[in-house]
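Taken together, the values in this text are just the output of simple stated rules run on the coordinates, not laboratory data. Quantities reported herein were computed from a predicted structural model and do not represent experimental measurements. All Cβ positions, glycine included, derive from the backbone under ideal geometry; neighbour counts span all protein chains shown.
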Amino acid sequence: MGKILVTGGLGFIGSHTVVELQNKGFDVIIIDDLSNSSMDVLGGISSITGIAPTYEKLDLKDKPKVQTFFKTHQDIQGVIHFAASKAVGESVEKPLLYYENNINTLVYILQELQKLKPANFIFSSSCTVYGQADELPITENAPIKNAESPYGNTKQIGEEIIKDTCKVTPHLNAIALRYFNPVGAHKSTKIGELPIGVPQNLVPFITQTAIGIREQLSVFGDDYPTSDGTCIRDYIHVVDLAKAHVVALQRLLNKSTYSNYETFNIGTGTGSSVLEVIKSFEKVSGQKLNYKIADRREGDIVSAYADTTKANTKLGWKATLTLDDAMRSAWKWEQHIRKNN
Ligand code: WQD
């Protein structure tokens with residue numbers, strides 16, 4: 001079995017995907033520039049699987065270095081591309097950082113894949129490409145709306161770049177996985193989410209509040225047109241999400257006649273409100289969470305949850321872990337990292 005390159009493989013979703021790839025016998029090589037991760041994650045991965053993945057520190061914005069890397073790794077059978085900047089708010093303040101880091105790097109990798117035969121590519125996309133969908137649950141045919149942020153725009157542009165490249169590169173097989181909201185951690189507590197600074201996302205803010213790092217969670221608005229007034233999202237356990245990458249890769253490696261560019265929604269298919277997430281956390285942790293209702297956050301959409309029929313039928317993949325499983329693992333992870341810091 002050839003080597004699978006995982007860019008951003010020391011990141012939150014990347015590290016969980018490396019574990020699932022190794023569990024399936026794949027030989028993994030990780031590229032990560034450590035801008036949003038640490039070498040400890042490498043130890044975490046090998047302590048779970050017993051296999052130390054090959055790792056190279058490399059800045060994918062450095063085109064000559066990317067070219068040299070692929071020249072010296074001609075045995076790469078597939079690439080799973082996680083490496084990108086992903087903070088919505090930061091992307092509004094620093095758009096060029098996001099266009100350089102998320103778009104240039106994608107172009108450099110695709111230029112190298114055009115020379116590899118075969119070339120299999122999985123792209124880390126996001127439900128953010130849909131904006132506020134007109135119909136729920138959201139299918140892959142839902143219209144792509146104007147991006148709400150430069151981050152979301154880089155995902156939309158990224159998908160277009162891949163689609164156009166696949167049109168002129170018959171031997172390049174690509175899948176874009178549109179993640180909904182990734183949450184939770186590996187049950188071993190050896191790897192998990194490591195937000196730098198004040199978490200932007202809901203679940204790490206909940207666990208940091210519960211452990212005492214944050215004073216209080218602000219619930220951004222309870223006057224939305226939903227059952228309890230708070231926004232609805234599709235929170236998918238990161239381990240289920242990681243497994244989706246493995247089955248997507250296997251679909252590409254066992255290539256048949258279908259299109260050489262496909263997109264799949266990866267979510268649970270169930271929407272949960274912010275208050276329901278808090279309730280789930282309080283139930284599994286046995287802790288009362290200190291939160292208040294605050295003003296709405298600029299740019300938030302009301303509701304998003306996936307129609308996962310296409311992934312269920314074509315990938316044979318379905319999420320199996322629940323919101324409670326995700327909250328339980330996120331809380332165990334938070335307690336583990338605080339105990340060891
Ligand atoms: C979820 C809900 C907030 C924090 C973003 C990106 C998406 C992906 C995941 C990268 C919303 C509410 C949050 C808080 C709150 N990122 N919230 N208090 O915005 O759905 O998605 O992160 O791939 O692309 O868009 O996730 O976790 O920030 O927010 O009330 O302190 O929680 O208003 O309703 P979001 P989130």
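For GLU135 and ASN341, FRET efficiency with R0 = 30 Å and r from the beta-carbon atoms, rounded to 0.05?
0.10
Relative to the first principal axis of the alpha-carbon coordinates of the chain, what is the inclination of helix 202-211, with its axis defined by its Cα atoms, in degrees from 0 to 90 and to the nearest 10?
In the chain, helix 202-211 runs at an angle near 60 degrees to the longest axis.
Can you tell me the 0 to 90 degree angle between the C-alpha axis of helix 12-23 and the longest principal axis of the chain, rounded to 10?
60 degrees
Quick one, can you get me the convex hull of the C-alpha atoms of the range 252-341 expressed as volume per residue in Å³?
185 Å³
Taking the Cβ-Cβ separation of TYR99 and ILE51 as r and a Förster radius of 30 Å, what is the calculated FRET efficiency to the nearest 0.05?
Using R0 = 30 Å, I get an efficiency of 0.25.
Any chance you could run the full-extension gain for ASP295 through LYS117? It's 0.36 nm times the residue separation minus the Cα-Cα distance, nm to one decimal.
58.8 nm
Restricting to Cα pairs below 8 Å that are 6+ residues apart, what does the relative contact order work out to for the chain? Please round to a whole percent.
That works out to 19 percent.
What FRET efficiency, computed as 1/(1 + (r/R0)^6) with R0 = 30 Å and r the Cβ-Cβ distance, is obtained for SER188 and LEU34, rounded to the nearest 0.05?
Approximately 0.85, to the nearest 0.05.
With the cut-off at 1.5 for a/c, could you classify the range 83-136 from its C-alpha gyration tensor as rounded, prolate or oblate?
Oblate, because a/c is 1.5 or more while a/b does not exceed b/c.
Taking a cut-off of 26 Å between Cα atoms, list the lysines near LYS63, but don't count ones fewer than 8 places away on the same chain.
Within the straight-line cut-off, LYS63 pairs with LYS3, LYS71, LYS86, LYS94, LYS115, LYS117, LYS155, LYS163, LYS167.
Over the range 86-230, what is the mean sequence separation of C-alpha contacts under 8 Å (at least six apart), divided by residue count, expressed as relative contact order in percent?
Taking the mean separation of contacting Cα pairs over the length of the range 86-230, I get 24 percent.
Between ASP228 and LYS71, 0.36 nm times their residue separation minus their Cα-Cα distance comes to what?
Contour length minus Cα-Cα distance gives 51.0 nm.
So, in Å, what gap is there between the alpha-carbon centers of the range 105-127 and the range 167-197?
Here the two parts' Cα centres lie 15 Å apart.
For the range 291-341, what log10 I(q)/I(0) values come out of the Debye formula at q = 0.29, 0.32 1/Å, with one point per alpha carbon and no solvent?
Evaluating at q = 0.29, 0.32 Å⁻¹ gives log10 I(q)/I(0) of -1.02, -1.09.
Measure nothing fancy, just the Cα-based angle from helix 323-339's long axis to the longest principal axis of the chain, in degrees from 0 to 90, nearest 10.
Approximately 90 degrees, to the nearest ten.
Taking loop as defined by DSSP and a crowding limit of 10 other beta carbons within 10 Å, which chymotrypsin sites (Phe, Trp or Tyr not before Pro) in the range 249-337 fit?
Those that pass, being in a loop and sparsely packed, are TYR258.
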